[in-house]
Amino acid sequence: MDFTKIRVLVTDGSGKQTLAMVRGLKELGCHVTALYANKSATLYLSKLPDEKILSEHIQLRDRQAFDELLALVKTGNYDVVMPIGELGTNFITEHEEELKPYVRLACAPREVYIRAFNKQITFDQAMKSGIPCPYTRMSDQPIEDYLEKCRFPIIIKPRQGLGSIGFHKFEKKEDFWPYMQEKGLDPDDYVVQEFVKFEKRIGTNLFVDRHGNICTSYAVDVLRWFPLDAGSGVLIQTVDAHEVLAYAGRLLQDLGWQGFANVAFMVDRETGEPRLLEINGRIPQSVKMAYMCGCNVSRQLLEMIYGEEVTRYPENDKFGMYIRHFDTDIAWFLKSPQRFKTKPSWFSWKNTKEVMYEKDDPKPFWAHLRSQIFHYKSTMKKKQH
């Protein structure tokens, strides 16, 4: 396949992961145009894109943003639109029927994407597929039946949503209905499941082609996260987790997934067994790890949407490689009582790469780090749980 003739419009110009994905495109010889919302955006500051287009509305993902995007693709100057982040992917797939006459979309089709985005569908399928997960109310199970059979504490989380918004924990059955009625909540809008105590999370990252073949497969362990009470990973290590990867692959295949996805598992503190946490049907911020493992995800996405045979990489066996979000790892160091006891040492860079930094393109890293330092207090306030 001649990638040098492919013109790609990347829509998520502000994300950390866009740097790795655009670098992957440039290694193939693609012509890359970055769409960004402001001049502090990652791709605006990077030297990697061939062209850059300012669209102040693109991050709003409203009708005006779509009209601007549609006008761009109608020019015929692009062959592919590649969304990177979760909100960007959701926005593009919502409008896929309007966009497909003009460009190919480098992401899962809407029908497939929304199945993974909906947590209830994910857990229904997981239980049918024999994937270990917390005891979860099935979509057709009466709520009273579930409350009689479950073991407390339990949690609720919105069936569709991002992060921990809408999450609530119940210590005993008597607390459930008073809270739901006070907040005006309908249990059918939420995933209701057993609360699992865990100290470890395993992230699996896979690429599945349109035939259900697993084409990329690697697992990581989150060693440090911020905020300290289970926030986002700031130091991530490749690990040997073949069994968990097999569970993740089976779930994605049974869901009919296409493209790249992250399937997260908790390790139950009581039993040591993995339990499904969630599926993220988008390119993660730490996708640079895939390239460290020798997998060009950008190549695989293009091959998939052009109907070519997708390059199949072996399951990763390069363990003990680290990727680090240095900006939030600084915050971890300032807040954690384990700052001098953590292993590997906070001061070690052995087998480690920073998620944004590259010698030949350092400006996005330094600009982002400076911004995080200047806005440290407001950022910490947002991250408080």
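Across the stretch 284-308, the qualifying residues are those that are out of contact with any helix residue (DSSP H, G or I) (no Cβ under 7 Å at 6 or more places or on another chain) and not in a helix (DSSP H, G or I), and the one among them that is surrounded by the fewest Cβ atoms within 10 Å (Cβ to Cβ) is Gly307.
Taken over the stretch 205-242, residues that are more than 18 Å from the chain's Cα centre (by Cα), at pLDDT 95 or above and more than 21 Å from Gly281 (Cβ to Cβ) amount to 3.
On inspection, Glu278 fails the criterion of being more than 17 Å from the chain's Cα centre (by Cα) and assigned by TED's automatic domain parsing to the domain that holds Glu309. The residues listed here are Leu70, Leu48, Leu43, Leu19; of these, the one that is touching a residue at least 12 places away in the same chain (Cβ under 8 Å) and either more than 19 Å from Phe365 (Cβ to Cβ) or not hydrophobic (A, V, I, L, M, F, W, C) (or both) is Leu70. If you go through the stretch 34-58 and keep only what is surrounded by fewer than 20 Cβ atoms within 10 Å (Cβ to Cβ) and of a type in the set (S, T, N, Q), you end up with Asn38, Ser40, Ser55.
Total residues in the stretch 31-64 satisfying the condition of being under 20 Å from the mean Cα position of the chain (by Cα) and in a helix (DSSP H, G or I): the figure is 5.
Taking every residue in the stretch 115-133 that is more than 16 Å from Ile155 (Cα to Cα) and pairing it with any residue that is among the hydroxyl-bearing types (Ser, Thr, Tyr), at least 6 positions away or on another chain, the pairs with Cβ-Cβ distances below 6 Å are Asp124/Ser139; Ile131/Tyr247. When residues in the stretch 126-143 are screened for being of a type in the set (S, T, N, Q) and buried (at least 20 other Cβ atoms within 10 Å of the Cβ), 1 of them pass. Residues that are in a strand (DSSP E or B), more than 30 Å from Glu308 (Cα to Cα) and without any contact (Cβ under 8 Å) to a residue 40 or more places away in the chain do not occur anywhere in the stretch 225-244.
Looking across Lys359, Lys318, Lys350, one residue alone is in a loop (DSSP other than H, G, I, E, B), more than 25 Å from Lys197 (Cα to Cα) and not assigned by TED's automatic domain parsing to the domain that holds Ile202. It is Lys359.
In the stretch 1-30, which residues are over 15 Å from Asp79 (Cα atoms), part of a helix (DSSP H, G or I) and among the polar types (S, T, N, Q)? If the condition is that a residue be over 15 Å from Asp79 (Cα atoms), part of a helix (DSSP H, G or I) and among the polar types (S, T, N, Q), then Gln17, Thr18 are the ones that fit. Taking residues in the stretch 179-204 that are modelled with pLDDT of 90 or more, and partners anywhere that are surrounded by fewer than 11 Cβ atoms within 10 Å (Cβ to Cβ) and in a loop (DSSP other than H, G, I, E, B), the pairs with Cβ atoms closer than 8 Å and at least 6 places apart or on different chains are Met180/Asp186; Glu194/Arg151.
The values are calculated or read from the model by the stated rules, or taken from the named source; none is laboratory data. This structure is a prediction, so every number in the text was calculated from the model and none was measured. Backbone-built Cβ (ideal geometry, glycine too); neighbour counts: all protein chains shown.
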